[in-house]
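Engineer: What follows is a single structure, and I will ask about it in a moment.
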Amino acid sequence: MNSMRKFEVLRTVMAILIALLISFVVIFFVSEDPFNAIKWLLTGPLTSKRNFFNVVEAMIPLIFTGTGVCIMFAANQINLASEGAFHLGGLVAAVVALKMTLPAGVSPVVGIFLAACAGALFTAIPAIMKIKTSADELVSSLMINYLALYFSTFIMKYFLMDPAIGSASYPIPEASTLPTLISRTRVHPGIIVALAVAVLGYVFLYKTRIGYQLRLTGENQKFAEYSGISIVSVILISQLLGGFIAGMGGGIELLSPIYDRFSWTSLLGYGWDAIIICTLAKKNPLYTPLSAFFLAYLRTGASIMARYSDVSLEIVQIIQGVIILFIVAQQFLSRYKHKMIAQEAKSALKDEEVA
């Protein structure tokens, strides 16, 4: 592990520890029994099989959107449309399940694939707007997420809604629902697909020519242009692939045992969470499962803490905010970074003299 990688690991760990320390201070101020609250926050997910697998269930959609955003952000394309892509993925999976008669086993595969395609087409919209009109992809992608929400609500209300419920679709047929992998939990095969997607995302970014071109464009677009790389192709590939993964995640989430109907009348926030996952993973898809597990563990612990103590689960928002603040702060531990680089340079010089 080189000095820069060691430094980034150290900086991430320090940011997490400082965020936890600040949250503990806040808990001490607002709680009558702070030690009990902290105990539930840190150990709550480990107190039962059900609690632990709640963490596993919660991390599955985070891996999908986190990996998709890593690929988009690696090309320095700040496209926030993965939130809408995830939402549309769930809608398309529901439409396939409710409107298409397919054999058991085939239905979820078709639904998830079409959900992924819908996600890819959706995230391509800001990319095409940038290419054709120079529109800022950050602004355009942020706004079209709400178009995805309102479009999904319209389709659900006029084509899928169960009149007996009034705010959700008809039940998802059992033939389209993903099975559970572990009894008495809602862990489903999506966890296997999510881990495979994270690994394949890493292989794509770091082991293929296109992935190298994508990362080079993200680091220095002008140099990439001078090197003969097609920036337009890089932008489209990164956005299409990122949206494909996010849409796949939405389809898998909707068809999982967690949901029995399409009832997403508001954005679920997985696209926004993906930015946290991507930041913690340093844009490396291989680390998104670890980042997703950390965030899911923290939120599950906060939920348990809120049930068994007098501290609300909003404490997680403080922890998330401080972690992001320190990780993106360029000057955080900058002196230590310079010392590490200088020490490595001295060691290299000594090695050359000995040789």
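The values are calculated or read from the model by the stated rules, or taken from the named source; none is laboratory data. Quick caveat: nothing in here was measured; it's all calculated off a predicted structure. Backbone-built Cβ (ideal geometry, glycine too); neighbour counts: all protein chains shown.
Engineer: Are there any pairs with C-beta distances below 8 angstrom linking a residue in segment 315-334 that is over 14 Å from M14 (Cα atoms) to a residue that is hydroxyl-bearing (S, T, Y) and modelled with pLDDT under 80, with the two at least 6 apart or on different chains, and if so which?
Structural biologist: Hits for this filter: zero, empty list.
Engineer: Take segment 51-78 and flag every residue that is surrounded by fewer than 24 Cβ atoms within 10 Å (Cβ to Cβ) and either of a type in the set (K, R) or in a helix (DSSP H, G or I) (or both).
Structural biologist: N51, F52, F53, N54, V55, V56, E57, A58, F73
Engineer: Also, quick follow-up: Tell me whether segment 70-89 contains one or more residues that are in contact (Cβ under 8 Å) with a residue 60 or more places away in the chain and over 30 Å from S134 (Cα atoms).
Structural biologist: no
Engineer: Hey, can you tell me all the residues within segment 19-35 that are surrounded by 15 or more Cβ atoms within 10 Å (Cβ to Cβ) and touching an Asp or Glu at 6+ places or on another chain (Cβ under 9 Å)?
Structural biologist: S31
Engineer: Out of the residues in segment 100-112 that are touching a residue at least 24 places away in the same chain (Cβ under 8 Å) and in a helix (DSSP H, G or I), state the one that is surrounded by the fewest Cβ atoms within 10 Å (Cβ to Cβ).
Structural biologist: So the residue we want is S107.
Engineer: Further, regarding this structure: So if I check each of K157, K130, which one is within 21 Å of G68 (Cβ to Cβ), of a type in the set (D, E, K, R) and part of a helix (DSSP H, G or I)?
Structural biologist: K130
Engineer: For the list (1) over 30 Å from P45 (Cα atoms); (2) at pLDDT below 95, I need the number of the one condition that R184 fails.
Structural biologist: It is condition (1) that R184 fails.
Engineer: Hey, could you check segment 161-198 for residues that are small (G, A, S), in contact (Cβ under 8 Å) with a residue 24 or more places away in the chain and not in a helix (DSSP H, G or I) and say which is surrounded by the most Cβ atoms within 10 Å (Cβ to Cβ)?
Structural biologist: Here the answer is S169.
Engineer: Could I ask something else about it? Just to check your reading of the model, which residue among K49, K39, K6 is more than 22 Å from the chain's Cα centre (by Cα), modelled with pLDDT under 90 and more than 19 Å from R261 (Cα to Cα)?
Structural biologist: K6
Engineer: Filter segment 277-297 down to the residues that are under 22 Å from L41 (Cα atoms) and without any contact (Cβ under 8 Å) to a residue 60 or more places away in the chain and list them by number.
Structural biologist: Residue satisfying the conditions is L290 alone.
Engineer: Let me ask another. Name the residue, out of T43, T47, T67, that is in contact (Cβ under 8 Å) with a residue 40 or more places away in the chain, among the polar types (S, T, N, Q) and within 30 Å of A224 (Cβ to Cβ).
Structural biologist: After applying the criteria, what remains is T67.
Engineer: Going by the conditions given, is S238 closer than 23 Å to T133 by Cα and surrounded by 23 or more Cβ atoms within 10 Å (Cβ to Cβ)?
Structural biologist: Yes, satisfied.
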